[in-house]
Amino acid sequence: MTKRINLFKVRLHQDKNAKIFQLLKLGVTVAGIALFAVFSYINYRNIEINQNIRQLAAEKQNYLSYLMDNKNTEAQLRYFKSKQSQLLTYAKDDAHFLPYFKVLEEALKPASKSAALETVVIEKDRETSFDVSLADFNEVMAFLKYIESATFLDRFTNLVLSNVSLIQETNKDDKESVRNYKFTFKGSFKEIDAGIF
C-alpha cells in the first residue's frame, strides 16, 4: 500500500491561516494608527491646556502683585462702597426735611411778623407736627384767620390744630408779665415735585 500526500490540501489550509494573519495584521495596523492619532490629539490638547494654565497662572500672579501694590486703593474702594451703601440707606429713609421746612416757613410768613416756629418734626411719609409761638394777641387773631384760609391749607393734605396754650412769663427786672401763645399743629404735607429735591 502506498500512501499519498496531498500537498495542495495543506497549502489551502496554510493559505487560510495566512489570510487570517494578514487581516489580523491589517486590523492591528489600522488600530495602531487610530490609537496613534488619538494619542497625538490628546497630547496636543494636553500641551494646549498646560499653556493656558501657565498663562492664567501668570495673569493671576500679575493681579496678586497689583493688589499687593495697591492695598491702599482697595481699602479706599471698600470705604467708598460702605459710604455709598450708607448714603443709599439714608436717601431711602430721608424725609427730605429742607424742602418741606421751606414750604412751612413760606406758609407762615404772611401770617404774622412775630410768628416763630419753635419745633418742627417731619417724618419720611410727610407726616408733620410743629409748634408756632406768637407774642401779641392781635397777631394771634390775624394768625387764626390766616390758618383757616385756602392759601395756608393748600400746602397740606390734612392739618389739625391739636393744642393751644398760653405761656405767661414774668420778667424779674420789670415785674411785668409777657404772654406767649403757642399753637401745636399735626398733619401731613402734600407731596412736593421731585425736581425740587
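So which pairs qualify, if the first residue must be in segment 158-180 and farther than 25 Å from residue 144 by Cβ, the second must be surrounded by 11 or more Cβ atoms within 10 Å (Cβ to Cβ) and at pLDDT below 80, the Cβ gap must be under 8 Å, and the two must be at least 6 apart or on different chains?
Note: pairs meeting the criteria are 170/178; 171/178.
So, in segment 131-152, of the ones that are part of a strand (DSSP E or B) and not small (Gly, Ala, Ser), which residue ends up surrounded by the fewest Cβ atoms within 10 Å (Cβ to Cβ)?
Per the criteria, the residue is 131.
Just to verify a result, which residue in segment 115-127, among those that are in a loop (DSSP other than H, G, I, E, B) and in contact with a Phe, Trp or Tyr (Cβ under 9 Å, 6 or more places away or on another chain), is nearest to residue 141 (Cα to Cα)?
Across segment 115-127, the extreme among qualifying residues is 115.
If I ask for residues that are within 19 Å of residue 190 (Cα to Cα) and surrounded by 15 or more Cβ atoms within 10 Å (Cβ to Cβ), which ones from segment 110-126 would you list?
If the condition is that a residue be within 19 Å of residue 190 (Cα to Cα) and surrounded by 15 or more Cβ atoms within 10 Å (Cβ to Cβ), then 120, 122, 126 are the ones that fit.
Looking at 127, 59, 105 in this structure, which one is modelled with pLDDT of 85 or more, within 36 Å of the chain's Cα centre (by Cα) and not assigned by TED's automatic domain parsing to the domain that holds residue 185?
None of the others qualify; the one that does is 59.
Residue 78: modelled with pLDDT of 90 or more, farther than 30 Å from residue 190 by Cα, surrounded by 10 or more Cβ atoms within 10 Å (Cβ to Cβ) and not assigned by TED's automatic domain parsing to the domain that holds residue 128, yes or no?
No.
Yes/no matrix, rows are residues, columns are (1) charged (D, E, K, R); (2) without any contact (Cβ under 8 Å) to a residue 60 or more places away in the chain; (3) closer than 30 Å to residue 191 by Cβ:
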{"residue": "58", "(1), (2), (3)": "no, yes, no"}
{"residue": "74", "(1), (2), (3)": "yes, yes, no"}
{"residue": "83", "(1), (2), (3)": "yes, yes, yes"}
{"residue": "96", "(1), (2), (3)": "no, no, yes"}
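The values are calculated or read from the model by the stated rules, or taken from the named source; none is laboratory data. As the structure is a computational prediction, the values presented were derived from the model and not from experiment. In this analysis, Cβ positions are derived from the backbone assuming ideal geometry, glycine residues included, and neighbour counts consider all displayed protein chains.
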